[in-house]
Amino acid sequence: MADRTPAPDTPELRARWGSFAWTKENKKEADREIAKYPDGRQKSAVMALLDLGQRQVGAETDTQGWLPLPVIEYIADYLSMPVIRVLEVATFYFMYNMKPVGKFHVQVCGTTPCMLRGSDDIISACKKRGMAKGEVSEDGLWTLTEVECMGNCATAPMVQINDDNYEDLTPERLDVVLDALAAGETPKAGTQEPGRHTSEPKDGVTSLKEMVDANHDYRPEYKPVHKDAS
């Protein structure tokens, strides 16, 4: 699993990120998020602002983005929160990166459904391309992380790369996706199974067939079973 420890607070880190401040557009977005909450509840915007801060760092570094400690401190000050409270949120949720990552953050689900469907082979395919868990590859393109279930069990195995999911993977299908990303292209997100659109059975519907073309009310067909009271 990913290390949730923040990057060391070094002079180099302070020199690079100590003067962090919202861009003009991101300040507008941050204030919009805060305005969604009633007076006294502005701290509820902390998750949105952490995501915004990570994306700004990503835009400045041409990576998927991460949260240096000075950025966390800036957000804490912006929301009038103790730094430790913001840090607690950032380290709890895997959507926030606590250390530098590559341009593409490849998060491979290793939970049981994906493991049974070949996630070990997916991780091996990543490693063959020079990825190592928790590290930025030499070319700066990739960071590999093994994560817990991301809710795509019906289309396992899957990976999340930045903001997109790629499902029904094989090592060969993953290579196609990664080659496209490396070439600056935008591969099709979602299932990679030919002819499949979402998570419907790939061999066709076997139940609730009347729902394929239109909504169908099954209630009249339901016959409750009455047990003999005696």
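The values are calculated or read from the model by the stated rules, or taken from the named source; none is laboratory data. Everything numeric here is computed off the predicted structure, so don't read it as measured data. For neighbour counting, all protein chains shown are included, and Cβ atoms are generated from backbone atoms with ideal geometry for every residue, glycine included.
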For Val176, work out the one condition from (1) farther than 23 Å from Gly65 by Cβ; (2) loosely packed, with under 10 Cβ neighbours inside 10 Å it doesn't fulfil. (2)
Of Thr10, Thr63, which residue is in contact with a His (Cβ under 9 Å, 6 or more places away or on another chain) and either within 13 Å of Leu79 (Cβ to Cβ) or modelled with pLDDT of 95 or more (or both)? Thr63
Taking the stated definitions as given, is Glu146 of a type in the set (D, E, K, R), in a strand (DSSP E or B) and under 29 Å from Phe92 (Cα atoms)? yes
Counting only residues that are of a type in the set (Gly, Ala, Ser) and either within 16 Å of Thr63 (Cβ to Cβ) or under 18 Å from the mean Cα position of the chain (by Cα) (or both), which one in the stretch 93-131 is surrounded by the fewest Cβ atoms within 10 Å (Cβ to Cβ)? Gly110
With respect to Trp22, determine if the residue is within 30 Å of Cys109 (Cα to Cα) and of a type in the set (Phe, Trp, Tyr). no
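Look at Gly65 and say whether it is of a type in the set (Gly, Ala, Ser) and surrounded by 20 or more Cβ atoms within 10 Å (Cβ to Cβ).
yes
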